[in-house]
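Everything below concerns the one structure shown next.
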Amino acid sequence: MRVRRNIYLMYAIALLQGMVFYGPIATLYREAAGVTIFQITLIESISMALGLMLELPWGAVADRIGYRRTMIFCCMLYLASKVVFWRAEGFGMFLIERVLLAVVCAGLSGVEEAVLYLSADEGQSQRCFGVWNSLGQAGLMAAAVVYAVFVGEDYRLAGLLTVVSYGAAAMLSLGIVEVRPEERRAATHPVQDFGSALRGLLRTPGLLLLVLSMALLAETHQTITVFLAQKQYEVCGMAGAAFGGAYLLLTLAGLAGGLSQRCTRRLGEVRFGALCCLTAAVCCVTLALTRSLILSIAAVVVLRLCWTLGAPLYARLENERVAGENRATELSVNALLRDGVAVLTNLVFGRLAEQALGMAMGLGALLSLCAMALLAAFFRRAVHE
């Protein structure tokens, strides 16, 4: 079933949910509310551990009740989590916000991609994934501009504006059209579906390698660009509204997702994938060695660019290897593995960052190189399918 309306709604939801107005000062926001950098990464790991437990049940539920209902529920809960964040003080409240977010992420994991993949025209899924990711970054860019021009040091105002944008996204989710037929939902058997999905992950040539590679590159990008970059800038002497300008450059890099398919066609899957991972490693090494503000900003922006261009390729390769009818369950099994990697890497990143920021950046370089090796191994296996 191809539903163009779904694509436009998913684009709009991505744009609105990208409008995290406190994004330029996400770490500083938490610190101002009484949370340390290690507590931040600890909360992230607790959230991801909860996500691990919820991934499979949510995948089975989504396949059973349908992707539309899952989208609506999760978007509403997403809104609730932003309300909590807006009013949060101290470790406990931020933990509650992240617990809600874990439920949301587990619910949307696989479902968003499934809706897009099943709604897109044949051969256009990578382009749709790229545009979808880019619009999320466009939302971040718009939010960064508003922060730099109007918000400034008023952190709570940034939180309130985020609540408004997520409220609009929740309303738009009501317009999603179901892409999973009723007869398929009725035939869903969670235990059997989980077993089938797990066997698919282990038996599909190279899929396990692909998922691990994606996890390592994703977590390196996420941890450094979202959390550690702000500490890097602070060490390099950045202050005040300049954080908004740096964040604006970061979000501009995120708009390049629509070029992923074109880059893949020009360079080929193997070379393009390797280039994204290798460049990410170089950026991490640069961050570990420099205290230049300009070089630091450049390295973080290029790291974001690597993931922005690489993520749609990963998503297409993964979705092409989902052979069963219960797409959300199968993608949830893959996400379960990625989340397991994320729980471990977040704790290590946080501990290293408290000891020495450069050590955490060095870990990012190592993980990026491992991601490249795993991706190369995946392509070698895929050739022999």
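The values are calculated or read from the model by the stated rules, or taken from the named source; none is laboratory data. Everything numeric here is computed off the predicted structure, so don't read it as measured data. We place every Cβ from the backbone using ideal geometry, glycine too, and count neighbours over all the protein chains shown. Just the protein is used for accessible areas: all its heavy atoms, side chains included, with ligands, DNA and RNA removed. Shrake-Rupley method; radii C 1.70, N 1.55, O 1.52, S 1.80 Å.
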Expressed in angstrom, Rg and Dmax over the Cα atoms of the stretch 31-97 are 14.4, 43
The correct ranking of Y8, Y78, Y147 by accessible area at 1.4 Å, largest first, is Y8, Y78, Y147
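What is the stretch 224-313's relative contact order, in percent, from Cα pairs under 8 angstrom and six or more apart in sequence?
Over the stretch 224-313, the number comes to 46 percent.
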What are the principal axis extents of the Cα atoms in the stretch 225-375, in Å, biggest first? 52, 33, 27
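So what is the relative contact order for the chain, in percent, with contacts set as C-alpha pairs under 8 Å and at least six apart?
30
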Dipole magnitude (debye, nearest 20) for the chain, charges at Cβ of Lys, Arg, Asp, Glu: 620
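For the stretch 59-173, which semi-axes, largest first and in whole Å, follow from the square roots of 5 times the eigenvalues of its Cα gyration tensor?
Ellipsoid half-lengths, sorted descending, are 28, 20, 10 Å.
Where does the stretch 298-385 land on the Kirkwood hydrodynamic radius, alpha-carbon pairs, in angstrom?
This gives a value of 15.2 Å.
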Helix-only estimate, please: 222 nm mean residue ellipticity of the chain, summing -39500 (n - 2.57) across DSSP H runs of length 4 or more and dividing by its residues, to the nearest 500. -26500 deg cm²/dmol
Using DSSP loop states and a limit of at most 15 other Cβ atoms within 10 Å to flag trypsin sites (Lys or Arg not before Pro), what is the longest stretch of the chain containing no flagged site? 3-290
Rounded accessible area per residue of the chain, 1.4 Å, Å²: 39
Taking 0.36 nm per residue of separation between D121 and T36 and subtracting their Cα-Cα distance, the length gained on full extension comes to 25.9 nm
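Run the accessible area of the stretch 265-385 with a 1.4 Å probe and give the carbon-and-sulfur part as a rounded percent. Walk me through the intermediate numbers first.
Values: 3410 of 5110 Å².
After summing per-atom areas, the C and S share lands at 67 percent.
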